[in-house]
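So that we are looking at the same thing, I have put the structure below in structure tokens.
The values are calculated or read from the model by the stated rules, or taken from the named source; none is laboratory data. None of these values were measured; they are calculated from a predicted model. No Cβ is skipped: glycine too gets one built from the backbone with ideal geometry, and neighbour counts run over all protein chains shown.
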Amino acid sequence: MRKVINIFQRVFNFGSSPASKRVHQPTIIPRQQHCISRQHISPAALKVLYRLNKAGYAAYLVGGGVRDLLLGYIPKDFDVVTDAHPEQIQKLFGNSYIIGRRFRLVHVRFGRETIEVATFRSSQDSAARVKTKQGVILRDNVYGTLEDDVWRRDFTVNALYYNIEDFSVIDFTNGMEDLKTRHIRVIGDPDARYREDPARMLRAIRLAGKLNFEIDKPSADLIRKNRELIAHIPPARLFDKMLKIFHSGRSFEIYKLLREYQLLGILFPKVEHSLLDSNFDTFVEKAFINSDERVREEKGINSAFLFAVLLWGPVLLDQQSILESGDSNEYQALYCAMSDVLSEQIKLISIPRKFTTVIREIWSLQYHLQHARAKRVFKILHHPRFRAAYDFLLLRAEAHEGELTELSQWWTEFQEDDKELRDTLIKQRFEKPKTPRKRRRKRAP
Ligand code: ATP
Ligand code: MG
């Protein structure tokens, strides 16, 4: 029956997507001519591929896994595609779950590793089913062929298929060439593809930054043209995208690209303006550079910390204008500014409460690290967020030479588990002869 439908599609060329009209001959790169070795594919992914294949289904590795293997990197995860339908996949694997509503996928679990298995997907969703007057489905757009699956993918370098049957790589879109010349190129018309899913613009930038690739000119130009569409991405999805960027280990490069393509101002409307102050600019850059180093050293990073860094400039600017316009003190103004900035930001990127709590703690501890009285310094030291707040202070000191150096040094020494030293430090800091407080002119970042 499926065969009949396929013939029908070809003869009558149903469907309006440019993808479905393309009839391409793929390039097949045999095993001897590419560098993917099964040794570098996770045993779990191999098991899934082999079992599908043994049961008579087509099974391929696709997406970032293939791309990274061809570039000689160790992939983060492995995605599998097949012509088996979700229920058929599930039958083959005891430890599997069907997920997703609009397009169902199967997650196959092996201990801590999950392999995502998708059925070949056509480029249109289920709303576009073609039926006769009698309601007979002529074309079910949900599932497609391998070729359909190719055209719905985002970039040529992400649409390479590793065939478990003969270990060849199938390339419909000239992705191999783009990998060699290090280009991110949208499959199909970039304008239409970005409009279809504006998150692809962010994906292009993330990949270009992560792999040190160049975005092909039309694909790049159309990001500039369509950048406002970024604001239409659901806030929860944008939050996930930001986490991926933060954890990429190349967040500094991606951040620079986001600025170059003027996307940062759309994602974080208040941040762009604050970066005109070179102190904030340096502060943010240093944070991303340090964070990437931590990822490389496999130390784990705190995403709340990076959100706190990005939004610190707007908080201080807001605090300043609250102070200028009313009768609140520095602390009250800081609190109002924190709430203002966060409530505006979460309309665009829904940063969960778990994170905003940490962000607020890091910010308010900045005040306490600076202004706490002698009695409270131990309380601050034992605050669960002390470490993050202290790192934040160090960064501020580094970015703004001079002003906060002394304070950060004080906290560095105070952390030593040495009672005598601590007593001396407290004396030095809090028993100074009181001089009238001068109003500071220049703000530290
Ligand atoms: P990473 O290495 O960061 O995981 P990835 O390319 O594998 O990068 P995934 O989000 O894991 O990214 O997606 C897997 C594959 O699914 C992609 O390589 C791409 O082929 C396809 N894909 C993902 N998101 C989209 C999208 N928005 N539009 C079209 N295709 C997409
Ligand atoms: Mg992936």
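Of all the residues that make up the stretch 252-280, how many are assigned to a loop (DSSP other than H, G, I, E, B) and at pLDDT below 95?
The total comes to 3.
Taking the options GLU228, GLU324, name whichever one is surrounded by fewer than 20 Cβ atoms within 10 Å (Cβ to Cβ) and more than 28 Å from ASP197 (Cβ to Cβ). Please lay out each step first, then the result.
On the way: GLU228 fails: more than 28 Å from ASP197 (Cβ to Cβ).
That would be GLU324, the only listed residue that is surrounded by fewer than 20 Cβ atoms within 10 Å (Cβ to Cβ) and more than 28 Å from ASP197 (Cβ to Cβ).
How many residues are crowded, with 18+ Cβ neighbours inside 10 Å and modelled with pLDDT of 95 or more when one looks only at the stretch 291-315?
Summing the residues that are crowded, with 18+ Cβ neighbours inside 10 Å and modelled with pLDDT of 95 or more in the stretch 291-315 gives 15.
Which residues, taken from the stretch 281-310, are outside any helix (DSSP H, G or I) and of a type in the set (Lys, Arg)?
If the condition is that a residue be outside any helix (DSSP H, G or I) and of a type in the set (Lys, Arg), then LYS299 is the only one that fits.
Checking SER248 against (1) within 19 Å of ARG67 (Cα to Cα); (2) among the small types (Gly, Ala, Ser); (3) crowded, with 21+ Cβ neighbours inside 10 Å: exactly one of these is not met. Which one?
(3)
Kindly establish whether LEU49 is among the hydrophobic types (A, V, I, L, M, F, W, C), surrounded by 14 or more Cβ atoms within 10 Å (Cβ to Cβ) and either within 14 Å of ligand 2 (Cβ to nearest atom) or within 21 Å of ASP154 (Cβ to Cβ) (or both).
Here the answer is no, as LEU49 does not meet what is asked.
Give me a count of the residues in the stretch 54-90 that are more than 16 Å from ligand 2 (Cβ to nearest atom) and part of a helix (DSSP H, G or I).
6
Another question, if that's okay. So which helices (runs of 4 or more DSSP H) stay within the stretch 175-229 end to end and still have 2 or more residues that are within 16 Å of ligand 2 (Cβ to nearest atom)?
Counting at least 2 such residues, we get 175-180, 199-211.
A further question on this structure: List every residue pair whose Cβ atoms sit under 7 Å apart, with the two residues 6 or more apart in sequence or on different chains, where the first one lies in the stretch 147-175 and is within 20 Å of TYR57 (Cβ to Cβ) and away from ligand 1 (no atom under 13 Å from the Cβ) and the second, anywhere, is assigned to a strand (DSSP E or B) and among the basic types (Lys, Arg).
none
Continuing with the same structure: Check whether at least one residue in the stretch 152-159 is at pLDDT 95 or above, under 17 Å from ARG67 (Cβ atoms), part of a loop (DSSP other than H, G, I, E, B) and of a type in the set (Phe, Trp, Tyr), and report yes or no.
no
So, one more: Condition first: at pLDDT 95 or above, away from ligand 2 (no atom under 16 Å from the Cβ) and part of a helix (DSSP H, G or I). Can you find one or more residues in the stretch 91-103 that meet it?
Among the residues of the stretch 91-103, at least one is at pLDDT 95 or above, away from ligand 2 (no atom under 16 Å from the Cβ) and part of a helix (DSSP H, G or I), which makes the answer yes.
Mind telling me which of the residues ASP148, ASP189, ASP166 ends up being surrounded by fewer than 23 Cβ atoms within 10 Å (Cβ to Cβ), more than 28 Å from PHE239 (Cβ to Cβ) and at pLDDT below 95?
Working: ASP189 fails: at pLDDT below 95; ASP166 fails: at pLDDT below 95.
Checking each option against the conditions leaves just ASP148.
I've got another one for you. Report the residue count in the stretch 65-77 for those that are near ligand 1 (Cβ under 9 Å from one of its atoms) and modelled with pLDDT of 95 or more.
Result for the stretch 65-77: 4.
Considering only residues that are more than 13 Å from ligand 1 (Cβ to nearest atom) and of a type outside the set (Lys, Arg), which ones fall in the stretch 179-218?
Of everything in the stretch 179-218, those that are more than 13 Å from ligand 1 (Cβ to nearest atom) and of a type outside the set (Lys, Arg) turn out to be THR181, HIS183, ASP189, ASP191, ASN212, GLU214, ILE215, ASP216, PRO218.
Now a separate question. Looking at GLY56, GLY72, GLY100, which is the one that is without any contact (Cβ under 8 Å) to a residue 40 or more places away in the chain and more than 27 Å from the chain's Cα centre (by Cα)?
Just a single option satisfies the conditions, and that option is GLY56.
On to the next question. I need a count of the residues in the stretch 71-86 that are surrounded by fewer than 19 Cβ atoms within 10 Å (Cβ to Cβ) and farther than 18 Å from LYS54 by Cβ.
Residues that pass the stated criteria total 6.
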